[in-house]
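The values are calculated or read from the model by the stated rules, or taken from the named source; none is laboratory data. Keep in mind the model is a prediction, meaning the values are calculated, not measured. Every residue, glycine as well, gets a Cβ built from its backbone with ideal geometry; the counts of neighbours run over all protein chains shown. For the accessible areas, the whole protein counts, side chains as well, though only heavy atoms, and no ligand, DNA or RNA atoms are used. Shrake-Rupley method; radii C 1.70, N 1.55, O 1.52, S 1.80 Å.
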Amino acid sequence: MKVFIGYVSLSGNTEKMAINIKNRMKAVGCEVYMERLDTVEVDALKDFDLAFIGLYTWNLEDLPYEAHEFYEEIDQVDFAGMKAAFFGAGDLTHSKPCAAIDILSEKMKQCGFDVYDRVLKIHHESSTYEQLRKSEDFAEHALIWGSNRKKWRFFMWEWMLGSPKYQKSVFLLRRVLDDYPIKFKGRSKKRGTYTRTSEIRDFQKI
């Protein structure tokens, strides 16, 4: 699965969250690309299956200036059905905490993005450990949501990737199950063979 992580950071907190998410996605076998939002080509997002977008909030309620161009250009491309999840650090005691996230996520919804309803907002004075724990948990759940993976399958990949015995096999399995649609072709009963629909249905639930 191809994952994009785009972010802008002022104090460094949002960047740390982005790095934590990146490391977690790589740990479970995703192909990850990370770049600042003020340098990314907007249409490049179409090449990915899931996008993580991280922002700090300027002046407590405004979009950071580094994200202005991204905001203005996002509606120039058709992103219908693309999945996105948002995260960021800020002052959570404010009446509108991390308001920039809400501003950009609303714009991306209007542009066709399927936005994850769980948003990660971390107080800017949180400890490094809390940032790491919350970022990894958020990344795991966003990946399960974005890829329609069952939770047991997500952790199975992680366990297999950690074992040299299974690493080659898991990369092949991941490509088959995540990157390529599986098509079942069955002949008609008149020719003596058929596809067992109950088995197909059970397999597709995995």
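Heavy-atom accessible surface of segment 15-109, averaged per residue, reaches 46 Å², computed with a 1.4 Å probe.
In a DSSP loop and with at most 15 other Cβ atoms within 10 Å, there are no chymotrypsin sites (Phe, Trp or Tyr not before Pro) in segment 12-77.
Backbone geometry of segment 15-32 corresponds, through the Karplus equation with coefficients 6.51, -1.76 and 1.60 at θ = phi - 60°, to 3J(HN,Hα) couplings of 5, 4, 4, 4, 5, 4, 5, 4, 4, 5, 5, 5, 5, 9, x, 7, 8, 10 Hz, x marking Gly and Pro.
Compute, for segment 72-117, the length of the dipole vector about the Cα centre, with Cβ point charges of +1 (Lys, Arg) and -1 (Asp, Glu) only. Units Debye, rounded to 20.
On the way: 4 positive and 9 negative charges, 30 e Å.
Charge dipole, segment 72-117, about its Cα centre: 140 debye, nearest 20.
Legend: residue pairs K46/K96; K26/K96; K2/K96; K96/K134, Cα-Cα distance threshold 26 Å; pairs beyond threshold, K46/K96; K26/K96; K2/K96.
Compute the Rg to Rh ratio over segment 7-103 from the alpha carbon atoms, using the Kirkwood formula for Rh, and round to two decimal places. The partial results should precede the final answer.
On the way: Rg = 13.5 Å, Rh = 14.1 Å.
For segment 7-103, the value is 0.96.
Stretched out straight at 0.36 nm per residue, the stretch from L10 to E31 would grow longer than its current Cα-Cα span by 4.9 nm. Residue separation of D78 and H141 scaled by 0.36 nm, minus their Cα-Cα distance, works out to 20.1 nm of gained length.
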